[in-house]
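Reviewing the structure listed below.
The values are calculated or read from the model by the stated rules, or taken from the named source; none is laboratory data. No experiment lies behind these values; they were computed from the predicted model shown. Cβ sites come from the backbone with ideal geometry, for glycine too, and all protein chains shown count toward neighbours.
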Amino acid sequence: VAVEVGIVAAKALFIVLLVVQVMGLGVFFERKVSALIQNRIGANRASILGFAGLGLVNTLVADPIKFLLKEDVVPAGTDRLFHFLAPLLSLIPVLVTFAVVPFGDVLEIGGRVINLQAAELNVGLLYILAMASLGVYGVVLAGWASNNRWSLLGGIRGTAQMISYEIALGLGLIGTIIVYNSLDLQDMARAQGQLLWGWLPAWGILYQPLGFLIFLVAGVAESKRIPFDLPESESELVAGYFTEYSGSKHLMFMMSDFVEVVLIAVLVTTLFFGAWQVPYLARDGFHFPWGSGLALPSLVVALLQVTAFAVKLVFFTWLQIVVRWTLPRFRYDQLMRLGWQGLLPLALVNVVVTAFVVLVLERA
Amino acid sequence: MNPFVFIVLAVLTVLAALTVVLHRNPVHSACALVVTLFLLSIFFVGLDAQLVAALQVIVYAGAVVVLFLFVIMLLNLQVEEGNVSARPLIATGAAGSIALAVLLVAALRRATSGKATGVPAGFGETAALAERLFTAYLVPFELTSILLLVAIVGAVALAKKGG
């Protein structure tokens, strides 16, 4: 029993560390890719004890230290309890979603076959949606508890936006659920290991291109980032719902933003881009469509899969940050129109068409 | 479910539910409601009803109560002052609670207190629940969806009239 518990703990620790690493890379992209896009150099001057030789790396080390050491200001007239709880309610629900994310197929070690997924849940995808939907309380309570008009406006905007786009987000995923006939992310990942016509990896994007677009747009909107960052739009609301937060609490809000970006990248990778699948790599090694193959031990296969998963994850994190620095912010009416009149009907059409095609194919 | 876990959860749930009713600040009440609903979903997990638990969190904790909070903030409801809880309300509430308690006790007395029989494999999982929902309970299921549709159309009609 102790070994089993240890294995689960190790898997959970691994996925959390993976997410935190990708999040760190996200901050790196945020600094350097934005600088590249805006034709400037970007942060390179942080000096730690007089040493600034590593440029941006110094900044990445100095930033969290700075955040943690700053004074934690709680303004007068705030609701103390909820002012304290809001950052936690924003970060924790997003972090726990990763429990059901598979980061590899199986690892055979000492006669044990370990499924590389921390928690096997029959309702995995719904669990992620349920936990992610609780993140909205962080936003709404931060806005309300701060006793500040800007915060309140930001909180109300954030709530309306997150609820609106959650519907498109969920409906956009129903097509994928119909195709894979499962809610467990590991089942979905394994289903994507098949080959179409003997050579094309059957990744979700081939079955659900429209579902992918809807999910990506709604996902970026859920993470409240440019072009959907109206809850914090700094030119109008200072910093929106987290105006009155400083130090490590402010850091938690920023972290939850980045973790949400990673979560969207994880879901896009897992549902539409083959999860941990490497093309033509099966449990016992490569099987190329032209007939040759390469046998590999289980450990190497697992390592390749985890690496593939991480690389895809980093790519989609990068993509979202490029989007952020490319597009201007929507107006609020445009935002609502896109959600309700654009994405929602498209998602409904996607559900009906997918269901119809699957039905016809099953009958045929 | 482990009896110890059950008792701890049950006490917490009742406390949260009492907070919903007794707290004077509407925002605190709404948040206590979220806690209550979340704890209830843990009970569903304990009853092998994972799907119901997930839906409970998505629909009630994640959406319905958020709308409550949204309305509270838009209307800028303040902490209630003075003695709003008038006697007739207390009397009706007490009578209702007693009636419910009597009903529950009556119902539970008839329940057989034997060893719980094991549930069939796959019970409460998505496939099993969907199987029942789309065969035996298809008509009530579809009727419910029509009811919801009527409610949505009604809400839109009312909103249009106001604007």
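Here are a few things to note about the model shown:
- Segment A:260-289: number of residues that are of a type in the set (D, E, K, R) and either over 17 Å from A:ALA189 (Cα atoms) or without any contact (Cβ under 8 Å) to a residue 40 or more places away in the chain (or both): 2
- Residue count for segment A:8-22, restricted to those that are crowded, with 18+ Cβ neighbours inside 10 Å and within 18 Å of A:PHE316 (Cα to Cα): 4
- Of all residues in segment A:142-154, those satisfying the criterion of being outside any loop (DSSP other than H, G, I, E, B) and more than 7 Å from chain B (Cβ to nearest Cβ) are A:ALA142, A:GLY143, A:ALA145, A:ARG149, A:TRP150, A:SER151, A:LEU153, A:GLY154.
- Within segment A:110-129, the set of residues being facing chain B (nearest Cβ under 7 Å) and more than 24 Å from A:GLU222 (Cα to Cα) comprises just one member, A:ASN122.
- Exclusive hit being modelled with pLDDT under 85, among the small types (Gly, Ala, Ser), under 27 Å from B:VAL52 (Cβ atoms) and not in a strand (DSSP E or B), set A:SER182, A:SER248, A:SER235: A:SER182
- For segment A:82-109, the tally of residues that are surrounded by fewer than 23 Cβ atoms within 10 Å (Cβ to Cβ), farther than 30 Å from A:LEU296 by Cα and away from chain B (no Cβ under 14 Å) stands at 2.
- Filter pass, A:THR78 being assigned to a loop (DSSP other than H, G, I, E, B) and farther than 24 Å from A:ALA191 by Cα: yes
- Subset tally (residues that are surrounded by fewer than 18 Cβ atoms within 10 Å (Cβ to Cβ) and more than 8 Å from chain A (Cβ to nearest Cβ)) for segment B:53-64: 2
- Selection over segment A:85-118 of residues that are free of Cβ contacts under 8 Å to residues at least 24 places away in the same chain and either outside any strand (DSSP E or B) or in contact with a Phe, Trp or Tyr (Cβ under 7 Å, 6 or more places away or on another chain) (or both) gives a count of 3.
- Here A:LEU303 meets the list (1) modelled with pLDDT under 85; (2) under 20 Å from A:PRO201 (Cα atoms) almost entirely, failing just condition (1).
- Identity of the residue in segment B:23-49, at the interface with chain A (Cβ under 10 Å from one of its Cβ atoms) and under 21 Å from A:GLU166 (Cα atoms), that ends up surrounded by the most Cβ atoms within 10 Å (Cβ to Cβ): B:CYS31
- Close pairs from segment A:10-37: first among the basic types (Lys, Arg), partner part of a helix (DSSP H, G or I), Cβ under 8 Å, at least 6 apart: A:ARG31/A:LEU56; A:ARG31/A:THR59; A:ARG31/A:LEU60; A:LYS32/A:LEU56
- Cβ-Cβ distances below 8 Å connect the following pairs, each with a first residue in segment A:149-167 that is closer than 27 Å to A:ALA347 by Cα, a second residue that is of a type in the set (Phe, Trp, Tyr) and not in a helix (DSSP H, G or I), and a separation of six or more residues or different chains: A:GLN161/A:PHE228; A:TYR165/A:PHE228.
- Here is the figure for segment A:276-299: residues that are surrounded by 13 or more Cβ atoms within 10 Å (Cβ to Cβ) and assigned to a helix (DSSP H, G or I) total 1.
- Candidate set: segment A:130-141, residues that are of a type outside the set (A, V, I, L, M) and assigned to a helix (DSSP H, G or I); chosen: the one farthest from the other protein chains (Cβ to nearest Cβ): A:GLY138
- Verdict on B:ALA94 being among the aliphatic types (A, V, I, L, M), surrounded by 10 or more Cβ atoms within 10 Å (Cβ to Cβ) and at pLDDT below 85: no
- Screening A:VAL73 on (1) within 12 Å of chain B (Cβ to nearest Cβ); (2) surrounded by fewer than 17 Cβ atoms within 10 Å (Cβ to Cβ); (3) over 22 Å from the mean Cα position of the chain (by Cα) shows it passes everything except condition (1).
- Among (1) at pLDDT below 85; (2) in a helix (DSSP H, G or I); (3) not aliphatic (A, V, I, L, M) - the single one A:GLY198 does not satisfy: (2)
- The single condition among (1) over 26 Å from A:SER223 (Cα atoms); (2) free of Cβ contacts under 8 Å to residues at least 60 places away in the same chain that A:ALA62 does not satisfy is (1).
- The set of residues in segment A:163-193 that are in contact with an Asp or Glu (Cβ under 8 Å, 6 or more places away or on another chain) and hydrophobic (A, V, I, L, M, F, W, C) comprises A:LEU169, A:ALA189.
- Remark: pairs (first residue in segment A:190-203, closer than 10 Å to A:PRO289 by Cα; second residue modelled with pLDDT of 80 or more and part of a loop (DSSP other than H, G, I, E, B); Cβ separation under 7 Å; 6+ apart in sequence or on different chains) = A:LEU195/A:ALA202.
- Here A:LEU206 fulfils each of the conditions (1) farther than 30 Å from A:GLN341 by Cα; (2) among the hydrophobic types (A, V, I, L, M, F, W, C); (3) without any contact (Cβ under 8 Å) to a residue 24 or more places away in the chain apart from (1).
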